[in-house]
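Quick notes on the structure that follows.
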Amino acid sequence: MIKGKHIVIGVTGGIAIYKICSLVSRLSQNGADVHVVMTENAQKFVTPITFETLSKNRVVTDTFNREDPYEVDHISLAKLADVILVAPATANIIAKAANGIADDFLSTMLLAAKCRIAFSPAMNTNMLNAPATKRNIETLKKDGRILIDSASGMLACGDEGDGRLPEPSVLYEHLDYMLEDKDLEGKKVLVTAGPTVEKIDDVRYLTNRSTGKMGYAIAKAAATRGAEVTLVSGPTGLDCPLYVNRIDVTSARDMYEACMKAFEDADIVIKAAAVADYTPEEYREGKIKKAGDMDLHLVRTNDILKALGEKKKDGQILIGFAAEAADLEENAIGKLERKNLDAIAANDISRKDVGFGTEQNQITMFFRDGSRKAFDKAHKSDVADIILDEAIRLMK
Ligand code: CTP
């Protein structure tokens, strides 16, 4: 949870600084109290005014500046921080932090801080792979620091390789992860997401309008809260969330097999996928040529959730979704009972403002003991947390 948190970003001298501008902007817009510390070299790329405008806080640049608002600056900022991210982290700051050198504000503050600290290295591939940098990175890891893997691609120097600063959205996700309570630590969560695709031939297929956003939000929230997450996903085009193990599947049959395997040691299972109920009886290789009218014979797929409900052991929590265009309550409760679920999250798919393809959802949860809870319309990431909160409550 980013909102209300004190986040300190240490910015060192690298061209990737431009990405930190949008990171700081997004963090502040989402309610974080962001403080930026810039090294002298960082100020050659971007001026402090940029970060001051974006963060609405004074940027710290100098250990001995008496005009700064902090009593003993490096100590008070270190105490205030819930988390510190050094990005872009040059080879120089990595070397200094690994060896306890404190010769400017940032390095001094890093030594004084007790909160979680992450470094996001950004430099030329050869510098990153130099024995000294590798050694320093290992030292930081041993000291309990978090090292964010650099991305690969075109570097500022024209070389191709590792050493790029990850995109702001990835850094944001890391901060979110570092700040979240780990109330699902030690738990295994299985989530399904997206549509399934049932092939007719090599060119045509049957599918549905699910985008996978709800399931991905659940997988992401569970991983952020410390769970070991397996996400069985139909084709969606969405990026796999951080610390999630994704298994890509295509058809309902593939999803059934992947779920059966992963189910055995799962503590919580949440089935958000929109699984096809029917698949073509036969699949034809190549491309079917047109002739007269054509009949497409469809056969039933396995009901994965029902099969999991039959296998469910004591202590496993099984939650399904019910996408309903009418008679929401009756249909949802029917599915809850038929599929032996602990809870079902029902949503009204006739509404245009929530559900399929949108960023928001509005669910009513029905429980095995006959109770129900209707939740307000909310962003899918918040709905994901609501469902996980209920899963934890049911586990107790
Ligand atoms: N589901 C499943 N396997 C299927 C069909 C559905 O696991 N072959 C799961 C979905 O992932 C969801 C729940 O069952 O969690 C309900 O899906 P939904 O499409 O709403 O209902 P159906 O069971 O398919 O029933 P109906 O088509 O009659 O609404």
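Of all residue pairs spaced 6 or more apart or on separate chains, those with beta-carbon atoms under 7 Å, a first member in segment 331-352 that is at negative phi and a second member that is in a loop (DSSP other than H, G, I, E, B) and of a type in the set (V, I, T) are A345/I363; A346/I363; N347/V354; N347/I363. Restricted to segment 302-326, and to residues there that are near the ligand (Cβ under 6 Å from one of its atoms) and in contact (Cβ under 8 Å) with a residue 60 or more places away in the chain, the residue that is farthest from the chain's Cα centre (by Cα) is I304.
Each residue in segment 251-287 was checked for being within 26 Å of the chain's Cα centre (by Cα), in a loop (DSSP other than H, G, I, E, B) and either farther than 17 Å from K339 by Cβ or without any contact (Cβ under 8 Å) to a residue 40 or more places away in the chain (or both), and 4 pass. Residues that are modelled with pLDDT of 95 or more, within 13 Å of the ligand (Cβ to nearest atom), of a type in the set (K, R) and surrounded by 14 or more Cβ atoms within 10 Å (Cβ to Cβ) do occur in segment 243-253. One residue alone among A262, A258, A273 is within 11 Å of the ligand (Cβ to nearest atom) and small (G, A, S), and that residue is A273.
A332 - would you say it is within 16 Å of the ligand (Cβ to nearest atom), closer than 30 Å to M1 by Cβ and either modelled with pLDDT of 95 or more or in a strand (DSSP E or B) (or both)? So A332 passes the test. One residue alone among I94, I7, I15, I101 is at pLDDT 95 or above and either in a helix (DSSP H, G or I) or within 20 Å of G163 (Cα to Cα) (or both), and that residue is I94.
L305 falls short on exactly one of the conditions (1) surrounded by 17 or more Cβ atoms within 10 Å (Cβ to Cβ); (2) in a strand (DSSP E or B), and that condition is (2).
Quick check on S381: is it away from the ligand (no atom under 16 Å from the Cβ), surrounded by fewer than 21 Cβ atoms within 10 Å (Cβ to Cβ), of a type in the set (S, T, N, Q) and within 26 Å of the chain's Cα centre (by Cα)? When the stated conditions are applied, S381 passes them.
The values are calculated or read from the model by the stated rules, or taken from the named source; none is laboratory data. Everything numeric in this text was worked out from a predicted model, so none of it was measured. Methodologically, a virtual Cβ is constructed for each residue, glycine included, from the backbone with ideal geometry; neighbour enumeration extends over all protein chains shown.
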